[in-house]
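Participant: One structure is given below, represented as structure tokens, and several questions about it will come after.
The values are calculated or read from the model by the stated rules, or taken from the named source; none is laboratory data. Keep in mind the model is a prediction, meaning the values are calculated, not measured. Every residue, glycine among them, receives a Cβ derived from its backbone with ideal geometry; neighbour counts consider all protein chains shown. Accessible surface areas use protein heavy atoms only, side chains included; no ligands, DNA or RNA. Shrake-Rupley method; radii C 1.70, N 1.55, O 1.52, S 1.80 Å.
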Amino acid sequence: MAEPFLIGDGMTGGYGAADILHNCTIAVEKGQIAVIVGPNGAGKSTAMKAVFGMLKLRGGRVVLDGEDITTLTPQARVHKGMGFVPQTHNIFTSMTVEENLEMGAFIREDDFADTMAQVYDLFPILKEKRHQAAGELSGGQRQQVAVGRALMTRPKVLMLDEPTAGVSPIVMDELFDRIIEIARTGISILMVEQNARQALEIADKGYVLVQGANRFTDTGKALMADPEVRRSFLGG
Amino acid sequence: MDILNALVAFLNFVFIPGLAYGSQLALGALGVTLIYGILRFSNFAHGDTMAFGTMVTILVTWWFQSIGIGFGPLPTALLALPFGIAATAALLLLTDRAVYRFYRKQKAAPTILVIVSLGVMFVMNGIVRLIIGVEDQSFADGARFLITAGDFKTMTGLTEGLAIKTTQAVTVVTAGLTVAFLFWFLQKTRTGKSMRAFSDNEDLALLSGINPDRVVQVTWILAAAMATIAGVLYGLDKSFKPFTYFQLLLPIFAAAIVGGLGSPLGAIAGGFVIAFSEVMVTYAWKKVATYLLPDSMAPDGLLQLMSTDYKFAVSFSILILVLIFMPTGLFKGKSV
């Protein structure tokens, strides 16, 4: 079997002396959605940061489209086609929506007007509020700005750290719909989600992490059907 | 009662001097606020940066004067200004390279950088005094007045005169143009926007591929320009003395903090708040009051709240009030 489009393979490492990740593997195929779920403190966000290079790995490697990118900085990974939406502080609050998108496209030398139009098509409310300061928007709209900013580089992989944290259930459903739409355009999506049930429903692949290691890995549907996963992580 | 003459006296002695002084403070505070917003520390060397830029401008002005280059009715110093800005930018970039970069790489706390800037201040202080001395230097030339008090009186027939010094007019116009350029730069250009993004959210700016070294460089260059222009305008309007420029640090910081550190709009508002407060509290209102009040109520004293020697107390008091009741300033800057 060919290697997945993006894989963090056997990652071991942490912020300080103690390791948080233990031989953890996360992968996503082209145009698919992979979701990382697990209890609090399982290392979900850490695994994501490791894939993006924000964490020094003591073991394992990260491969994007057949190229080993383990030693690249996060900035260099953006140039390679990875987009990252942090969980918090993910927008420029004092700048307008449009300026946020422009800053997302900062590394692009070409005309990015068409990408901006695509983002506005995906999130029509942003077009309406494009001259408003991003910090004045509602939680859901801010997340849309954050995702839109990351899309401006036309990434091949979009990484989302709890995109639905702190938004209402209706907005959450809407965001998940948009994420599916983004995946359909051929962009791979790797995300960490607190709302495990909804996230696994749209996931092609699900990873259940416990204490920094893979506990269950399967398709989203299979994980949902697995009685043990349901009992331990999905609340029955 | 003579409202018209009272108004003219007010304009002549309070409004116009306050406007000119406010413009100078606003430019100084813009430099401070820019450095605070992007490099995240209070730059105590800013007053002496102004002194350095002004000194270079004065030296070039003297050279221009000696070879017979002038600017007609306008001060020759305006022609020398670009040289002052260039030299100051070079000095600041060099300082950043030699001093600040080291601490930035260590991710030093802002308090450490403040103390570092204090050291830089003393060095700049020394350089300026070594080169030009500690004495007062006057370098204004060209026409002295746009309108003299006498002309105004014959023109209007009022007993009160309104004088507008060329340097005051030059100050307000130059400051206006500089501020317009700065705002255009920050709002409309790619580099300016990336500076605002960096100031807003450094991590996300890095994630977006914004080059921090470039942002820092452009910030120093802009700060050098603001400081030099502010210093030269102040020197033209009053006179140049290194110690006075060191003292200007207080009203400038007061202006930046009153407006809200990190907010360019706030720096301008703060500059005028401080300038007008200083002028109004230290002005002897007797003349204006005499025009406005009936003869029977004519004041005996000077009606001066505070002697001009205490003008720094005014900025200090405002600074303290703002820090207690409105720590983020008028325009919601970062709290100190």
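Participant: Please tell me if A:Gln75 is in contact (Cβ under 8 Å) with a residue 40 or more places away in the chain, within 14 Å of another protein chain (Cβ to nearest Cβ) and surrounded by fewer than 19 Cβ atoms within 10 Å (Cβ to Cβ).
Facilitator: Working: in contact (Cβ under 8 Å) with a residue 40 or more places away in the chain: no; within 14 Å of another protein chain (Cβ to nearest Cβ): yes; surrounded by fewer than 19 Cβ atoms within 10 Å (Cβ to Cβ): yes.
No: the conditions fail for A:Gln75.
Participant: What residue, of B:Asp141, B:Asp136, is open to solvent by 50 Å² or more (accessible area, probe 1.4 Å), closer than 21 Å to B:Thr76 by Cβ and not aliphatic (A, V, I, L, M)?
Facilitator: Going through B:Asp141, B:Asp136 in turn, the sole match is B:Asp136.
Participant: Checking the structure you have, find out if any residue of the range B:268-288 is touching a His at 6+ places or on another chain (Cβ under 7 Å), surrounded by 19 or more Cβ atoms within 10 Å (Cβ to Cβ) and within 24 Å of B:Leu39 (Cβ to Cβ). Write out each step before concluding.
Facilitator: As a first pass, look at the range B:268-288 and keep what is touching a His at 6+ places or on another chain (Cβ under 7 Å): none.
No, the range B:268-288 contains no residue that is touching a His at 6+ places or on another chain (Cβ under 7 Å), surrounded by 19 or more Cβ atoms within 10 Å (Cβ to Cβ) and within 24 Å of B:Leu39 (Cβ to Cβ).
Participant: Right, another one. Return the residues of the range B:173-195 that are assigned to a helix (DSSP H, G or I), without any contact (Cβ under 8 Å) to a residue 24 or more places away in the chain and either within 14 Å of another protein chain (Cβ to nearest Cβ) or open to solvent by less than 20 Å² (accessible area, probe 1.4 Å) (or both); say none if nothing qualifies.
Facilitator: B:Gln187, B:Lys188, B:Arg190, B:Gly192, B:Lys193, B:Ser194
Participant: Given the criterion hydrophobic (A, V, I, L, M, F, W, C), within 16 Å of the chain's Cα centre (by Cα) and open to solvent by 10 Å² or more (accessible area, probe 1.4 Å), identify the matching residue among B:Leu27, B:Leu39, B:Leu81, B:Leu94.
Facilitator: B:Leu81 is the lone residue from the list that is hydrophobic (A, V, I, L, M, F, W, C), within 16 Å of the chain's Cα centre (by Cα) and open to solvent by 10 Å² or more (accessible area, probe 1.4 Å).
Participant: Moving to a separate point now. If you go through the range A:101-123 one residue at a time, do you hit one that is surrounded by fewer than 16 Cβ atoms within 10 Å (Cβ to Cβ), more than 9 Å from chain B (Cβ to nearest Cβ) and hydroxyl-bearing (Ser, Thr, Tyr)?
Facilitator: Scanning the range A:101-123 turns up no residue that is surrounded by fewer than 16 Cβ atoms within 10 Å (Cβ to Cβ), more than 9 Å from chain B (Cβ to nearest Cβ) and hydroxyl-bearing (Ser, Thr, Tyr).
Participant: Is it the case that A:Gly148 is under 24 Å from A:Leu64 (Cβ atoms), in contact (Cβ under 8 Å) with a residue 40 or more places away in the chain and part of a loop (DSSP other than H, G, I, E, B)?
Facilitator: Against the criterion (under 24 Å from A:Leu64 (Cβ atoms), in contact (Cβ under 8 Å) with a residue 40 or more places away in the chain and part of a loop (DSSP other than H, G, I, E, B)), A:Gly148 does not qualify.
Participant: Please verify whether A:Thr93 is in a loop (DSSP other than H, G, I, E, B) and among the polar types (S, T, N, Q), treating the condition exactly as stated. Working first, answer last.
Facilitator: Numbers: in a loop (DSSP other than H, G, I, E, B): yes; among the polar types (S, T, N, Q): yes.
For A:Thr93, the condition - in a loop (DSSP other than H, G, I, E, B) and among the polar types (S, T, N, Q) - is met.
Participant: Looking at the range B:200-217 only, could you name the residues that are open to solvent by less than 50 Å² (accessible area, probe 1.4 Å) and either part of a loop (DSSP other than H, G, I, E, B) or at the interface with another protein chain (Cβ under 8 Å from one of its Cβ atoms) (or both)?
Facilitator: Those that are open to solvent by less than 50 Å² (accessible area, probe 1.4 Å) and either part of a loop (DSSP other than H, G, I, E, B) or at the interface with another protein chain (Cβ under 8 Å from one of its Cβ atoms) (or both): B:Asp200, B:Asn201, B:Leu204, B:Ala205, B:Leu206, B:Leu207, B:Ser208, B:Gly209, B:Ile210.
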